[in-house]
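The values are calculated or read from the model by the stated rules, or taken from the named source; none is laboratory data. Just so it is clear, the structure is predicted and the values come from calculations on it, not from any experiment. Here Cβ is always computed from backbone atoms with ideal geometry, including for glycine, and neighbour counts include all displayed protein chains.
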Amino acid sequence: MGLLTTRNLSKNYQMGDVSIAALSEVNLEIEKGTFVSVIGPSGSGKSTLLNLIGCLDQPSSGSIQMAHQEISKLDSRQRAKFRGEHLGFVFQHFNLIPVLTVYENVEYPLLMVKAGNNQYQRERILALLDAVGVLEQQAKYPHQISGGQMQRVAVARALVTQPELVIADEPTANLDHDTAYKIINLMKTMKDKSETTFIFSTHDPKIIGEAEIIYTLEDGTIKNQEDRRNHV
């Protein structure tokens with residue numbers, strides 16, 4: 001079942017008198033419950049594509065449709081509401097709030113969308129912290145835990161609002177390979193449990209091998225699509 005579709009998606013940046021094409025007429029379809037990787041060299045447009053899908057930026061032209069909405073036309077307030085209700089994010093640099101505990105970092109998105117009552121929130125947060133293996137760290141602050149643990153917290157935070165789509169831009173770039181592999185497997189496990197769709201970018205070929213669908217970007221265009229679901 002289709003979850004997200006882009007049609008002729010393009011993004012240009014103006015550098016003085018010069019217009020630079022970061023993306024050019026990108027067409028893709030992402031199905032519900034899939035594990036999708038966007039790969040390509042630095043500057044190929046991966047982050048631009050994920051930012052557009054994540055309602056963090058607007059395209060120069062083309063369309064993005066998700067949850068029966070044309071999200072590329074939303075204004076800033078509507079995009080913020082859409083992100084809170086439908087999307088989760090896992091960032092390269094973790095982006096945990098340093099003055100909040102592990103528990104409070106995962107709680108924060110729920111407070112932003114005012115989801116459920118306090119008992120529901122607590123049960124949801126504790127269940128996720130347990131699922132990602134950091135329940136015992138819940139009272140600690142980000143600087144008191146390891147990078148791998150911080151990224152586990154970030155995965156829990158991304159999932160706490162039960163989003164339809166989680167967007168992860170280079171989520172393992174600051175981790176050693178063994179930890180990175182564990183994080184990718186954790187996201188796959190959470191995907192299987194919740195049927196959440198994941199789309200992520202990475203340069204690590206071993207981690208790319210864990211993806212079900214692979215889109216290859218070069219110079220802002222999709223050069224190849226590989227569906228590995230029949231081979232994994």
Assess whether Gln92 counts as being closer than 20 Å to Ile183 by Cβ, of a type outside the set (A, V, I, L, M, F, W, C) and touching a Ser or Thr at 6+ places or on another chain (Cβ under 9 Å). yes
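For (1) more than 16 Å from the chain's Cα centre (by Cα); (2) free of Cβ contacts under 8 Å to residues at least 24 places away in the same chain; (3) more than 27 Å from Thr202 (Cα to Cα), each residue gets a yes or a no:
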residue: Met66; (1), (2), (3): no, no, no
residue: Leu74; (1), (2), (3): yes, yes, yes
residue: Gly88; (1), (2), (3): no, no, no
residue: Gln92; (1), (2), (3): no, no, no
residue: Glu104; (1), (2), (3): yes, yes, yes
residue: Tyr108; (1), (2), (3): yes, no, no
Met112: passes all of (1) of a type in the set (A, V, I, L, M, F, W, C); (2) under 22 Å from Gly33 (Cβ atoms); (3) modelled with pLDDT under 90 but (2)
Scanning the range 150-165 for residues that are within 13 Å of the chain's Cα centre (by Cα) and not in a loop (DSSP other than H, G, I, E, B), the one surrounded by the fewest Cβ atoms within 10 Å (Cβ to Cβ) turns out to be Leu165
Note on the range 166-183: residues farther than 24 Å from Leu126 by Cβ and either of a type outside the set (Val, Ile, Thr) or assigned to a helix (DSSP H, G or I) (or both) are Asp169, Glu170, Ala173, Asn174, Leu175, Asp176, His177, Asp178, Ala180, Tyr181
Would a scan of the range 133-149 turn up a residue that is at pLDDT 95 or above, assigned to a loop (DSSP other than H, G, I, E, B) and among the charged types (D, E, K, R)?
yes
Restricting the range 33-87 to residues that are among the hydroxyl-bearing types (Ser, Thr, Tyr) and outside any loop (DSSP other than H, G, I, E, B), the one surrounded by the fewest Cβ atoms within 10 Å (Cβ to Cβ) turns out to be Ser76
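Identify all residues within the range 1-32 that are assigned to a loop (DSSP other than H, G, I, E, B), in contact (Cβ under 8 Å) with a residue 24 or more places away in the chain and out of contact with any Lys or Arg (no Cβ under 7 Å at 6 or more places or on another chain); write none if there are none.
Lys32
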